[in-house]
Structures are given as C-alpha cells and as structure tokens.
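Take a look at the structure below.
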Number of protein chains: 2
Amino acid sequence: MAESWVPVAPSSDFSLANIPFGIISTSADPTPHAAVAIGAEALDLKMLISQHGLEKTFPGIDGLEGVFSQPTLNAFARLGSGVHRSVRRRLQEILGTAPSSSSLLRDDEELRARALIAQKKVKMHLPMDIGDYTDFYAGYHHAHAVGVMFRGLQNALQPNYSHLPVGYHGRASSIVVSGTPIHRPVGQILLDPAAEPKQPTAGPSRRLDIELELGCFISRPNKMGESVDVNDANPGHIFGYVLLNDWSARDIQTWEYVPLGPFNGKNFATTISPWVVLADALKPFRAKAVDNPTPLQDYLKEQQTDNVFDIDLEVELTTADGGETVISRTSSKHLMWSFPQMIAHHTLGGCPLRTGDLLGSGTISGPGGEGESGSLLEMTHGGKREVLLSGMDARTFLKDGDTITLRGSAGPRGARVGFGECVGRVYTSLRR
Amino acid sequence: MAESWVPVAPSSDFSLANIPFGIISTSADPTPHAAVAIGAEALDLKMLISQHGLEKTFPGIDGLEGVFSQPTLNAFARLGSGVHRSVRRRLQEILGTAPSSSSLLRDDEELRARALIAQKKVKMHLPMDIGDYTDFYAGYHHAHAVGVMFRGLQNALQPNYSHLPVGYHGRASSIVVSGTPIHRPVGQILLDPAAEPKQPTAGPSRRLDIELELGCFISRPNKMGESVDVNDANPGHIFGYVLLNDWSARDIQTWEYVPLGPFNGKNFATTISPWVVLADALKPFRAKAVDNPTPLQDYLKEQQTDNVFDIDLEVELTTADGGETVISRTSSKHLMWSFPQMIAHHTLGGCPLRTGDLLGSGTISGPGGEGESGSLLEMTHGGKREVLLSGMDARTFLKDGDTITLRGSAGPRGARVGFGECVGRVYTSLRR
Ligand SMILES: [Ca+2]
Ligand SMILES: [Ca+2]
Ligand SMILES: [Mg+2]
Ligand SMILES: [Mg+2]
Ligand code: NI
C-alpha cells in the first residue's frame, strides 16, 4: 500500500489502507455531512465536491449526486459495494503518493485548507439512520463463560447455540455516537435474589457493565418475505463495521429477562464508534472463526472459510481522577458465527433488513479468561472478584465518573486499519 | 353525540364519535397523505386544506402547516394531545349536524366530491414512521394459559410478571398495514423436540399462529436519560391506538427463544389496522384492568384506576374457499398492565421513546378459555385440539390461503368507536 501525503502517525488507525466514512459537522458547515478519516484529519467530502464538482472528484462513478451532503451515510450505503469500492479507491488516489495518484487536492493549497480539517475540530454524528438494531450472541467464549456462571459447566450453552446464531432485537433509539454521556439507568432489581417471595426495588443499577462488540451496517436491503443467501451477504449486503459498546445493567437484566429476553437492562444506551470501516478495508484481516463441530443447516454453510476478522481489540477504563487501565485485550476472531451467517439467519423467515440497520456481534471475549474478557461480568466472575486498576483502585462494576474506551485495529504500523475510539463516560442517574 | 350528515351505518366503526386518522393515497393524489374516516368515506385532509386554506379549515390551531400533506402522521402526532383534541373537535363540527357545526364542507358540493372519497377507492398506508416497536405481555389470561402449557400450573407465571410489565423489543421493519400479504416463514424447527441430541431442520413453519393485540402509538418523545411519569403518560405521550396481529411461528419460536427471547418466530411480519383511533375517542370506554394483588413500585402506581379499555374484540378466520368463522370474542380489558404503566416502565432507565414508536399490549385473551383466546396456541391447547370452522373444516394452526381478520369496537350502534379491520392472508413461503 502506498503512503499518503497527509501525515499519518505510525500508530494511527486511519492510514491510506483504511479510508473510513463518517458524518461530521464543522464550524464552516454546521449541517451534518459526509467525510473520510486520514491520519488525524477529516476530509470533508461535501466541501471537496462543492469546490471541484462531482465529475472531477469521482469520475465515472454513478449515483453519487447529493449523497455526501446528506446527514447520514444511508444513501451512500444503498449504492452497493461496487460503488463503495470505487469511491474508496478514488480517495486513495486523491490522498496517496503513488505515481498514479491524483493531484486534485494535494496541489491545491486553498482547497486543502478548506477540506482537510483536524478531527479534533470536527463534531462527529451517528453515521447512519438506524431503522432496526439486532444484537447477536456469537462470541463463543463469552457465551460459554456466562453460561457456566448461570447454569454450570454441563448446561453452559443452550442446545440451539451451535445450530443458529442466537440474537434478539435491540433498541435503535438509544444508539449514540462515541462521546455521548451515559446516564446510569434506574431499574427494578432484586437486592436479595435468594429471598422468597421475590421482592424487587426500584433504584440505580448497582451492576453497570459493558459489552465489547463489533457492529455491522447493512447496505442493500432485502425485500420482506425474501431471504439473503449466506454467500451473497458479503459484500452484497454489508456496508462496513464499527466498534460497539452494549452497555448492560446486569441486575436489571437478571430480574427481567425470563422469558422474553433483555429489555431495560440494555435499552438505555448503546455506543458506537463514529467512523464506518468499509468491508473492503477489513478484507486483508480475515481469519477463521471459532470451530463449530455441529453440522450446519445448508442456509448457514459459507463457502468463505476465513469468515471473521482478526482485529486486535482493547478495553480501557479511566477513573474520574484520570487513572487509565487497559482491562482487556482480545481479538474479534473469537466469534463462532460470521456476519454473513447472522444475515442469512436473520432473513431466513423473510425479515426485511433495511439500509442502515445495525447488527451487533455479541460480546467478544478470548479463551484465556479475565484479561481477555469483553465484559466486567466475566472479568469479575459475576461480581465476586475485583479487577485491579492503576493506582490500586479496583472495580467489580462501573462507578459514576468512569469512562470506557474501546479500541480496535489491524495491520502493521503505518498501514493500520482501525476504528478510532468508542468512548462513553458514566454519569449519575438523571432525576425526572 | 350529534350525528354526521355523511351517511354512517349503525354498525360502522367510524361514527362521528370516532374520527380516526390514517394515511391514504388516491387516484387524484397518489402521494400518501392524511385523512380521517367517517362512515364508509375517507375525508382527504390535504385536499380539504388545499381548497379551503388552513386558517379557514382549522382556525386558531397552531402548528398544522404542512402536517397533513406528509406521508405519515408523525408530524401531527408530535404536536401533542391539545392539538389532536382541537383538530378532532373541529372535524366533528365540519362533519356534524349540531347547530354549532360548520357548513364549510356540507354545503360545498364540489368540495365534497373532491374531498370525501369512498374508503373502498383509497389505498391505505402505514400511518406512522415507526422507529422502534416494543411488544409487551400484559394480557394476563394469555400469559397464564401459555405458562401453564409450558411450565405447569404452579410455575405458570414468572416471579417478575406481577411486578413489572414484561416486554421485549420487536422488529420495526416488518410492520405492515392491513391487507399486506403474509408469507409463511421458513425457519429452524425441531421436528422431534424430545429426541436427544436436539436435531433441528430448516423448513416452513408448521405452527403459524396469530396474536390479537392492541397497539399504541407514541406522540411526544422523551429525552434519553429521562423517564416518563406514569401519570403524565396519558394523554401526554400517547397519540392513539390500532389493532395489531403479532403473527407468530410457534415452532421457530420454541427452539430459538431461550435465553434471549423471540426472534425469527416473530420478525417476519406484524400487521396493524390502518386508522389510528385517538386517545380522546377511546376515553369513554375506560375500564378496570385485571386485578393485580402485588404491591407496585411507586413508578407504576397510577392515579387513574380505570386505566385500560373495554373494547369488544373478535378474530375471524376465512379459509381459502371462503368459509368464515369467528374463532374468538374477547375484550381489551383483559390486560394486567395499562399503556401508561408500560410507558413508565419502558422509560424508567432513560430509554428514549420517539414519536411514532409502537407498543403492543401482548396477546389479549379472556378468562373463559378457547372461545375467548387471542391465539391458536391457546385455543388448540398447544396444537392438541382442533378448532372447528364452518363447513366442518378445522385448524390447529394456519394453512396457506387462510385469512385472519381482527375487529374491535366500543359504544352503541350509530355512535361506535372502532378500528375497522386488521386483515392478513397467509401465502406459501417464498423461495429465494
Ligand atoms: Ca450484547
Ligand atoms: Ca405478542
Ligand atoms: Mg445496548
Ligand atoms: Mg410480529
Ligand atoms: Ni427501529
């Protein structure tokens, strides 16, 4: 991969090999619109096109009229993977130093000053209009560890777990972009779960947790009643990926979730990273999923065997007084189901996925225990052991003032493909 | 209540006491826009305003500019209950024969010909842009009957059932308006649930069922992190009501739903009736909910004791050869939780409800067994007994070609407030 003439720090997630898309607003243009990230800069695509014209900026690519001026990436996503590929390649030409590259931006000082803006100076918005959000449970080691905690080693996983990607419908209205404050939820909890009869109380969650997940955005929709073939899902229906923190209130969830699943324990907030990394950019980091010895139904049989990604992931906890601790390091390869399998299963009965719909992978934990866990529930063995933080601070679950930062990237220094940060700080419950 | 000068059959759901809102398109104006129903006619509000001007049609009511030209009722719903009340009253003046009524439409033959269109001749659309759909489980007799079937009499209801309105996130993308074809879903099912190890197969659902529910649309949103007081929910946050058929594939649901809840067993389709009956119109039919002896948390204590509605409901099954049988008659009063309680619980942890969000009541069944059940699962005791149809046909679950019609209305003949029909016909699974 060639280099960019825009300075890219060796540790940057946004090398020329990446070119992720996001929605920004700037002091010059406060209406949300599209940009890509390169190094520490955002390239304002609306500005670029307004100065240079669509045909000169993206010659020969159809359908782009107006799409980068919109407040979400949905119109762009809907154009399909062929267009995403062409646009990303053209941006690599515009931003690259290869002999074949374009001087359109590099040699135009005035345009550079207007279209290349420090990421620090732009405001990031939710990249997509998310019609529906579905959260899966494909992180095998997480599902197994949590299952052992609740049901013992023999019955850790339900019989359906290895036959289908288990998932549930999440709440679209509370998905927020990185940096949005998270208020600790109030909910019904059982202070004494062993007492009979069960007597709940209503109060702030005492077991506020995180879930480290990969999120996947849908590009092309499927019609109601029609299903997506597992081998057509990627790149046919996948736009790109983000990091996702599925904030979870374990005490609320435990009391409410039988028989219809998690509800208020989850629906208060879900944070995603702002830049959508396109499917093409992650292709070099394909890896084998967690082995599943169960013979699969035909509709889940994927030709692509390297069907997940080996992306290094980490979770950092920053306390109110600024102490930073990386509490987990793992990889997104620890999934037992791929996103194409999730899409094939989700649409098997004809459920329509729309452009902009979000799928969560489920919590990603490594096989090695605490230091590789995607949730505090696992790290603390259900709240029984503390996680040590720098300065001899410690946590079972989150305190008000804690900040959680998820990071994820793949590839060598200087040519990294990553997500940037997915950040959320916990604030005290709001009184009505 | 005065009468309308528009002919209203005594059995019509759409008397002057109702005035429900919907989204229509017509041969004269194929762009979806707003209307109300009166008798067998639709009054085209966009046409009325375009001919008469907003100020003359709705004098003194602010905020209506453009709202009835939109393809959904969201903008109108967002204006809040004060505006909904004023607009409905004004329409009762325009359509009524009381001395105080307006002759604006009645005495204008040309306008009548253009704005009053037979319902048979208009196409109905989804009335709202539905951001999120939540399905509750507040039908006590249904929850109890199904619980007995799965877990026996002693453990029929989970300990949480009487402490909080149990609900789960549904699928917004597959909500369709009455009349939309329903394709039988394909899914993973266990043909022999007793065999070990469990071996699923993929095929069309053999246990396709219905759920008779009341749906409730949100008007004013709440901010993320803030909750809605149970005593402010109605009419503060409720726009109106529809009938809802939560189509359910029992065999798919049974295999998939532990531990995260129903997914493909539900997300293939949900049908709603097209006309939204405003909160005000149903006020005279308030009734007491099913008694709940459990002391409630403060946030669920409602001052209004008649907090549900006594609306007569029925389910009709029409076979492919045209045989019609009403298979159930019940009332919407058989709920143990009210919509204000559902809203207070849903927002307790700060989950934002947006204008247009839909809440389902959960299946409504009466206490009297089969003839009052809101699902075939209950009527047939889990598929063990057949429901007899006219002409000595019989069903356990639905066959391809069957049509389900839900109806609901309250009040005396000539002054009825009802929903019209919520219809869906079952078609064979679509091959990909
Ligand atoms: Ca999750
Ligand atoms: Ca239901
Ligand atoms: Mg969440
Ligand atoms: Mg449904
Ligand atoms: Ni939604």
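Descriptive notes on the structure:
- Spin-label proximity, B:D400 to the range B:157-189 - amide N less than 11 Å from point 7 Å beyond Cα toward beta carbon: B:184
- Identity and axial distance of the chain B residue whose Cβ lies nearest the axis relating B to A, Å: B:G261, 1
- Chain A - percent relative contact order, Cα under 8 Å, separation 6 or more: 22
- At 7 Å out from Cα toward Cβ: A:R85 inter-copy label distances (nm, ascending): 6.0
- Basic side chains Lys and Arg get +1 at the Cβ, acidic Asp and Glu get -1 at the Cβ, and with that the dipole of the protein assembly as shown about its Cα centre reaches some 160 debye.
- Shortest-first nm distances, B:F150 label point to equivalent points in other copies (7 Å, Cα→Cβ): 1.4
- Sorting B:D306, B:D291, B:D251, A:D192 from the fewest to the most surrounding beta carbons within 10 angstrom yields B:D291, A:D192, B:D306, B:D251.
- For A:R78, B:R85, the sequence from fewest to most other C-beta atoms within 10 Å is B:R85, A:R78.
- Loop-resident trypsin sites (Lys or Arg not before Pro) (DSSP state other than H, G, I, E or B) in the range A:299-398 with no more than 12 further Cβ atoms inside 10 Å of their Cβ: A:K301, A:K384, A:R385.
- With the charge dipole of the protein assembly as shown set up from +1 on Lys and Arg Cβ and -1 on Asp and Glu Cβ about the Cα centre, the Cα lying farthest toward the positive end among the listed residues A:I364, A:P127, B:V186 is that of A:P127.
- In Å, descending, principal axis extents of the Cα set of chain A: 73, 53, 40
- Taking GluC sites (Glu not before Pro) across the range A:1-85, the ones in a DSSP loop with at most 11 further Cβ atoms lying within 10 angstrom of their Cβ are A:E65.
- Translational D in µm²/s for the range B:58-184 (Stokes-Einstein at 20 °C, 1.002 mPa s, Kirkwood Rh from C-alpha pairs): 110
- Mean-position separation - Cα centroids, the range A:45-100 and the range B:29-49, in angstrom: 42
- Over 23 Å [Cα-Cα, the range A:21-125], rounded percent: 20
- Linear extension gain, A:E370 paired with A:T31, 0.36 nm per residue minus alpha-carbon span: 117.7 nm
- Cβ-vector label at 7 Å, B:T97, separations to other copies in nm: 8.8
- Net charge over other residues, Cβ less than 15 angstrom from the Cβ of B:I19 (K, R count +1; D, E count -1): 0
- Estimated 222 nm signal from helices in the protein assembly as shown, with DSSP H stretches of n ≥ 4 weighted -39500 (n - 2.57), rounded to 500: -4500 deg cm²/dmol
- For the residue pairs A:K266/B:K266; A:K198/B:K223; A:K123/A:K288; A:K198/A:K266; B:K266/B:K288, the alpha carbons lie more than 26 Å apart in A:K198/B:K223; A:K123/A:K288; B:K266/B:K288.
- Between B:A2 and B:L54, the simple label model (points 7 Å from Cα in the Cβ direction) yields a spacing of 2.6 nm.
- Cα shape, the range A:163-248, gyration tensor, a/c 1.5 rule: prolate
- Percent breakdown of C-alpha pair distances by 10 Å bin, ordered from the shortest bin, for the range A:348-432: 12, 31, 31, 21, 5, 0
- Neighbour-count ranking [beta-carbon atoms within 10 angstrom, fewest first] of A:H142, A:H125: A:H125, A:H142
- Positive-pole candidate from A:I19, A:T428, A:S375, dipole of chain A, charges at beta carbon: A:T428
- Projecting the alpha carbon convex hull of the range B:212-361 along each direction and taking the average yields 10.9 nm².
- Here the extension length gained between A:N231 and A:S390 equals 52.6 nm, from 0.36 nm per residue of separation less the Cα-Cα distance.
- Cα-based equivalent ellipsoid of the protein assembly as shown: semi-axis lengths in Å, sorted from largest, via gyration tensor: 45, 34, 26
No value in this document is a laboratory result; all are computed from the given coordinates. Bear in mind the structure is a predicted one, so any value in this text is a computation, not a measurement. Cβ sites come from the backbone with ideal geometry, for glycine too, and all protein chains shown count toward neighbours.
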